[in-house]
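Worksheet: one structure, shown below.
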Amino acid sequence: MAVWGYVAIDKGGKEIKGSKDADNKDLALRDLKNQGLIVLELTEQNALTRDISLDFGGKPTPRDMAVFCRQFASITRAGVTIIETLNMLADSTENKKMQKALYAVRADVEKGESFADSLSGHPAVFPELLVQMARAGEASGSLDTAMERMAVQFEKSAKTQAMVKKAMIYPIVVALVAVAVVIVMLVFVIPRYMDMFEQLGTELPGITLAVVALSNFIQNNWYIIIPVVAGIVFALKAYAKTYSGRHLFGKLQLKIPAVKNLVVKSASAQMARTLSTLLTAGVPLIEAVDIVADTMTNIWFKEALKEAVEQIMIGVPLSQPVRTCGLFPPMVYHMMRIGEEAGSTEDMLNKLADYYEEEVEMAVQSLMAAMEPMIIIVLAGVVGFLIGAVMAPMVTMYSALDNL
């Protein structure tokens, strides 16, 4: 696929420049015209002339998707066409990746494709959950309602993710600060004290000699230590994306007591909220559970729900495989079973989602409350050890002076 550089006039009469991926010039020109642009110049770019993009915008966050769905529902409900709505939203979004996808979706809709099918062509931006909800909304003639439900879904997901990140940011920041303080003391502070003690001819205690040896090792081998540590970090991140790595780290999350509580409750809230949203929109149970499985971040929950899909296909109620997998709390499958028997599965799932979203918030607060004193104790121990290494020779020297 070639890259075509263009100069064009937008709907506001402003001259803009950019680049467009297309198989040939005619396709590039057509796509640009579909975006409402008047093309003045269109030339193929090579490796030397290609524009260097400084846009590091990644995949849209749940918050971005919530805003998109909420605005889409409000604008279309006011009587604006889908094509014009997509154009307005594309112009106003700040995420470049999402903006590009919305322009492409608008072009597909203009060509006669359904809104859901147009969204499905961009899986890196629009999740399958949104595609299925849009398809159900189009089939029932209530696309605005479906998008509004998705806005609520993404807002709940964004809130849950924010709470989990909040629990993780504090210990990470403190750990980084602690490492920085230790390195500064080992590289800059302690060597100065050691020079003073050596000039005085003071015999250094074992704890001080150990810290001095560590300080010398860091100063003499820092050019080796830095790439080794960076290599280990990158290797772990790469391994975490592999099949075995996802299973290993997923299992570790379920083995550490404090982390397990948060992971299980987050997964329960996400599963209940997403499944309820899909079922309420009229998506079949088998398809809904399969979509929910794909949204799970921990691979053990993902595989458990994939196995549940196979069980549902042979007539087994969803509550049974959810129970036998041993991952979800008893309340989850008990409430599911009650909903299945009463014919109110969606309502029960909504109640479950509300309950576990509150539980996630409490779990985050509990985790932070438990980690703060532990971090303080660890930091106190590390700093105390270094201070002890500095003070020990001074105590030895003063004791020797007293004995004279």
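We did not get these values from a lab; they are worked out from the coordinates using the rules stated. Model, not experiment: these values are computed from the prediction.
Structure notes:
- Karplus-derived 3J(HN,Hα) values for region 170-182, using 6.51 cos²θ - 1.76 cosθ + 1.60 with θ = phi - 60°, are 4, x, 5, 5, 5, 4, 5, 5, 4, 4, 4, 5, 4 Hz; glycine and proline are entered as x.
- Region 207-246 and region 294-348: distance between their alpha carbon centers, rounded to Å: 43 Å
- Residue by residue, region 110-121 carries 3J(HN,Hα) couplings of 4, 7, x, 6, 6, 4, 5, 5, 5, 5, 5, x Hz when phi is fed to the Karplus relation 6.51 cos²θ - 1.76 cosθ + 1.60 (θ = phi - 60°); x denotes Gly or Pro.
- In region 131-280, Rg over Rh equals 1.25, where Rg is the alpha-carbon radius of gyration and Rh the Kirkwood radius from pairwise Cα distances.
- Per-residue ellipticity at 222 nm, computed for the chain from helices alone with -39500 (n - 2.57) per DSSP H run of at least four residues, works out to -25000 deg cm²/dmol.
- Relative to the longest principal axis of the Cα atoms of the chain, the long axis of helix 206-240 makes an angle of roughly 10 degrees.
- Crossing angle, helix 345-402 versus the chain [Cα axis fit, 0-90 degrees, rounded to tens]: 20 degrees
- Here the Kirkwood formula, the inverse mean of 1/r across different C-alpha pairs, assigns the chain a hydrodynamic radius of 26.1 Å.
- Structure remark: mean-square fluctuation, Gaussian network model of the chain, C-alpha springs under 10 Å; the largest value among 66, 272, 28 belongs to 28.
- Gaussian network model of the chain, springs between alpha carbon atoms under 10 Å - residue of 168, 133, 271 with greatest fluctuation: 168
- Mean-square fluctuations from a GNM of the chain, with a 10 angstrom spring cutoff on Cα atoms, peak among 258, 146, 269 at 258.
- Nearest-ten-degree value, helix 190-200 long axis tilted from longest Cα axis of the chain: 10 degrees
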